1. Could you list, in sequence order, the residues of segment 53-93 that are basic (Lys, Arg) and closer than 24 Å to VAL129 by Cα?
2. Anything in segment 21-72 that is assigned to a loop (DSSP other than H, G, I, E, B), within 18 Å of VAL95 (Cα to Cα), modelled with pLDDT of 70 or more and not charged (D, E, K, R)? List them, or say none.
3. Taking the condition of being more than 18 Å from ASP194 (Cβ to Cβ) and assigned to a strand (DSSP E or B), how many residues in segment 82-100 meet it?
4. Please identify the pairs in which a residue from segment 52-71 that is surrounded by fewer than 14 Cβ atoms within 10 Å (Cβ to Cβ) has its Cβ atom under 9 Å from the Cβ atom of a residue that is at pLDDT 95 or above and of a type in the set (Val, Ile, Thr), counting only partners at least 6 apart or on another chain.
5. Could you look through segment 96-110, keep only residues that are over 16 Å from ARG185 (Cα atoms) and acidic (Asp, Glu), and pick out the one that is surrounded by the most Cβ atoms within 10 Å (Cβ to Cβ)?
6. Identify the single condition in (1) modelled with pLDDT of 80 or more; (2) closer than 11 Å to VAL178 by Cβ that HIS99 does not satisfy, given that it satisfies every other one.
Amino acid sequence: MKTGYWLIGLALAAAAGAWIVPRQPSAEQLATAVTPLAEPGPRILYPRDHPAFLTMADGRRQPVRSLLNDARPLAFGDYLWNDAGVPAGPVWVRVDPAHQLLSVFRDGHEIGTAVILYGTDHKPTPTGVFPILAKAETHRSSLYDAQMPYMLRLTGDGVAIHASAVRNGSATHGCIGVPEDFARRLFAQVKRGDLVSILPAS
């Protein structure tokens, strides 16, 4: 099983049969080996003059100054959000379908992460780096006749990030579904033109 940038991997919850995502930072899972500063509390900090880096889907490297520090596993429908004390700055989004996670970064600090839904093999989620083309707090898909609250359109053919019932066994028609409260926070955070990096699903 492949590992993500600060994940040891995905584990099945024995009782519920749902995917559980353990959040444990690892230097080998970051693009550069940087020892984080040991900090109690909500963040794992990296030295300001020596940040870690994450690679976007197009190969560009983005500096990471801190990650959310929460060892609790995330299951379907779960998310973390904490932007307290994080300065204003560029916002970008990283989608990792292989680990069913979306993370939001502002000024190099992770401010939110959520378990996601994504497309099936027949309707896959595209990979690459996409600017947010449009935002709509309320939107109804004409193609699928479905509500897509807090829609962030990524492609001309309708692939978007939007609120969804994120539950075990569900998938999308190529969009990225996130829990509604997380979608509301994400919608308020980003603007048109902000970049979304979507990694391959495997």
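1. Within segment 53-93, ARG60, ARG61, ARG65 meet the criteria.
2. MET56, ALA57, GLY59
3. 0
4. If the second residue must be at pLDDT 95 or above and of a type in the set (Val, Ile, Thr), the pairs left are ASP58/VAL129; ARG60/VAL129.
5. By that ranking, first place goes to ASP96.
6. (2)
Okay, residues lined up against (1) out of contact with any His (no Cβ under 6 Å at 6 or more places or on another chain); (2) touching a residue at least 24 places away in the same chain (Cβ under 8 Å); (3) under 21 Å from PRO42 (Cβ atoms):
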| site | (1), (2), (3) |
| --- | --- |
| ASN82 | yes, yes, yes |
| ALA88 | yes, no, yes |
| VAL95 | yes, yes, no |
| LEU102 | yes, yes, yes |
| ASP107 | yes, yes, yes |
| ALA114 | yes, yes, yes |
| GLY128 | yes, yes, no |
| LEU133 | yes, yes, no |
| THR138 | yes, no, no |
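Matching residues to (1) part of a loop (DSSP other than H, G, I, E, B); (2) surrounded by 14 or more Cβ atoms within 10 Å (Cβ to Cβ); (3) among the basic types (Lys, Arg); (4) modelled with pLDDT of 90 or more:
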{"position": "GLY112", "(1), (2), (3), (4)": "no, yes, no, yes"}
{"position": "ASP121", "(1), (2), (3), (4)": "yes, no, no, no"}
{"position": "PRO124", "(1), (2), (3), (4)": "yes, yes, no, no"}
{"position": "VAL129", "(1), (2), (3), (4)": "no, yes, no, yes"}
{"position": "LYS135", "(1), (2), (3), (4)": "no, yes, yes, yes"}
{"position": "LEU143", "(1), (2), (3), (4)": "yes, no, no, no"}
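The values are calculated or read from the model by the stated rules, or taken from the named source; none is laboratory data. Keep in mind it's a predicted model, so treat the numbers as computed, not measured. Ideal geometry is used to build each Cβ from the backbone, glycine not excepted, and the neighbour counts take in all protein chains shown.
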